[in-house]
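One structure below.
The values are calculated or read from the model by the stated rules, or taken from the named source; none is laboratory data. No experiment lies behind these values; they were computed from the predicted model shown. So basically every Cβ, Gly included, is an ideal-geometry build from the backbone, and we count neighbours across all protein chains shown. Just the protein is used for accessible areas: all its heavy atoms, side chains included, with ligands, DNA and RNA removed. Shrake-Rupley method; radii C 1.70, N 1.55, O 1.52, S 1.80 Å.
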Amino acid sequence: MNKTRSWWGWGNVEDAVHGVELAELTRRTSAMLPDTDLRAHEPPDPRSLDIRRPRVTVPASLAHLGSDDLVDRAAHAHGKAFRDVVRNLHGDLRNVPDVVVRPSSETEIVDILDWCSRSNIAVIAYGGGSSVVGGIEPRFDGGYAGTISMDLAALDRVLEIDRTSRAARIQAGVFGPALEDVLRPAGLTLRHFPQSFEFSTLGGWLATRAGGHFATLYTHIDDLVESMRVVTPAGISESRRLPGSGAGPSSDRLFLGSEGTLGVITEAWMRLQDRPRWRGNATVHFSDFEAAVSATRAIAQAGIFPTNCRLLDPAEAFINAGTASSGGVLVLAFESADHPVGPWLDRVVELCRDHGGTLPEPPRRTDSADAPAPTAVSDAWRSSFLRMPYQRDALAARSMIVETFETACTWDTFADLHASVRKAANDALASVDAQGVLTCRFTHVYPDGPAPYFGIYAAGRWGSTLAQWDQIKAAVSEALANAGATITHHHAVGRDHRPWYDRQRPDVFAAALRAAKGALDPAGILNPGVLVDP
Ligand SMILES: Cc1cc2nc3c(=O)[nH]c(=O)nc-3n(C[C@H](O)[C@H](O)[C@H](O)COP(=O)(O)OP(=O)(O)OC[C@H]3O[C@@H](n4cnc5c(N)ncnc54)[C@H](O)[C@@H]3O)c2cc1C
């Protein structure tokens, strides 16, 4: 069945929360936050809204690539963060691209960039539109004649597979599932699975330095890049395919995380892996969160790199895995294409026991090609992980504030950071008069520190939830900045994180980035306001 992408919320219209799932979601929410007004509000029809008419006309030679359809433009106006969904629900579409263009070749991209550079039209590269930081939104000053959203979904092919070096040349507009469908028959995988996998693209992952689902070793997409090809208004940059190189600063590193401000990534050679055969998993309960953190650190520093090492604090374990625990739950998994993983699993279980962890179920493993059954907690966590964005939308339409924020810090600073974020979030919830819960989990762990990921579930007031969230987000972002943590571990900078990113990066680096932008994008048309001012 062909599904319909939602213009206002996550994913497909047909997959939205309804029926039993909706009843259970509202029941659990009411139990957690009694007196919440959970009446549903429907999104408006974009055609009923007073959306600005297009200010630009695509030249005749490119006209077949352009769309000024109102719903198409509305769907390209915002990303998929809570604040995007809420604005859509309220019909707040004040910044809408004038035209959506869909090139299917580099030549067309070059022609579009030439036209826009000459005509002072801003260009926003658009992959899957799953940005959660205002990265694809035409929200900026600067007297542009208009804005186009350059949707790259037609660049969706795997062009070559090099089985010997285990790499593939892949176009930037391919979505996660379509990419894996092509690699699977060759026994290969990119093995990059962000939560947004189904609705985000390779180009978006590269442009935002996305983080995949796996907790250790290859965490960011950066680790998987062999070379990149980027069309800039000043020309095309293509790096050599190399397993490693010490030849000066890396051009790939310049374009990774450039968020559409320096050029349009059209393709990349990506390092692949053989599909895993051997797997093992275990779930460990702790009675004390500090001990759980120490166990997780011991594992991160043991040099054994589990694929999953996700520590859920008690609130997170309860809300998203349905498990009660006083000190948190650690979900562990290993997989390998080459060897059985039993000894590694045994070792991490031993480390957990050393820190007081207990296992309600024995570890599971297969030293054969059959996948082991997941533990009850890891199964519950996985299905809730995939449904979370749909449930977030259902709750956003019912006056709830449901959003996440993420960071990374060194182990020595985690306890203080955790305490100050908790305080900032709870104070902010009180100041916006919202009863709520803060949760924390580690999405990734490194030998020198974790990437904590926080969630807020709070009862808001319909019509005010955006303002309430913005106040909470500013408070927690300040707490992260003051603790010396990063404003983002993998969600990128976009427009929403700019104030804190500007404080985080060294001033001389900002000057170098501005100079690079000046050289690559002399007319300053690419994604204005993101990373640096034009
Ligand atoms: C529910 C949900 C879950 C998420 N989970 C994760 C997660 O697990 N890990 C994670 O890292 N992020 C996650 N994100 C954030 C988002 O999915 C990532 O930032 C993702 O990499 C964006 O990819 P995209 O194709 O949707 O890009 P877009 O949202 O379309 O674009 C993002 C940025 O990249 C630029 N861009 C896109 N394509 C190109 C290109 N070809 N060339 C140059 N610039 C380009 C855009 O201009 C924009 O600045 C999540 C978001 C949501 C809503």
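A few points about this structure:
- Checking residue 241 against (1) surrounded by fewer than 21 Cβ atoms within 10 Å (Cβ to Cβ); (2) within 21 Å of residue 122 (Cα to Cα), the condition it does not meet: (2)
- Out of 297, 229, sole residue that is surrounded by 17 or more Cβ atoms within 10 Å (Cβ to Cβ), under 20 Å from residue 201 (Cβ atoms), modelled with pLDDT of 95 or more and among the basic types (Lys, Arg): 229
- Filter result for residue 95 (more than 11 Å from the ligand (Cβ to nearest atom) and assigned to a loop (DSSP other than H, G, I, E, B)): yes
- Selection from segment 136-149 of residues that are in contact with a strand residue (DSSP E or B) (Cβ under 8 Å, 6 or more places away or on another chain) and either within 8 Å of the ligand (Cβ to nearest atom) or at pLDDT below 95 (or both): 136, 140, 142
- All of 481, 515, 467, 523 fail the test of being open to solvent by 30 Å² or more (accessible area, probe 1.4 Å), free of Cβ contacts under 8 Å to residues at least 40 places away in the same chain and in contact with a helix residue (DSSP H, G or I) (Cβ under 6 Å, 6 or more places away or on another chain), apart from 481.
- For segment 338-346, the condition of being within 22 Å of residue 405 (Cα to Cα) and touching a Gly at 6+ places or on another chain (Cβ under 8 Å) holds for none of the residues.
- Subset of segment 203-229 [over 19 Å from residue 242 (Cα atoms), within 13 Å of the ligand (Cβ to nearest atom) and more than 11 Å from the chain's Cα centre (by Cα)]: 203, 207, 214, 215, 219
- Members of segment 155-202 found to be open to solvent by 10 Å² or more (accessible area, probe 1.4 Å), over 13 Å from the mean Cα position of the chain (by Cα) and within 16 Å of the ligand (Cβ to nearest atom), listed by number: 156, 157, 158, 159, 169, 171, 175, 177, 178, 191
- Test: residue 512 is at pLDDT 95 or above and either of a type in the set (S, T, N, Q) or not in a loop (DSSP other than H, G, I, E, B) (or both): yes
- Apart from one condition, residue 177 fits all of (1) free of Cβ contacts under 8 Å to residues at least 40 places away in the same chain; (2) not in a helix (DSSP H, G or I); the exception is (2).
- Out of 71, 100, 86, 20, one residue alone is surrounded by fewer than 17 Cβ atoms within 10 Å (Cβ to Cβ), β-branched (Val, Ile, Thr), touching a helix residue (DSSP H, G or I) at 6+ places or on another chain (Cβ under 6 Å) and outside any loop (DSSP other than H, G, I, E, B). It is 71.
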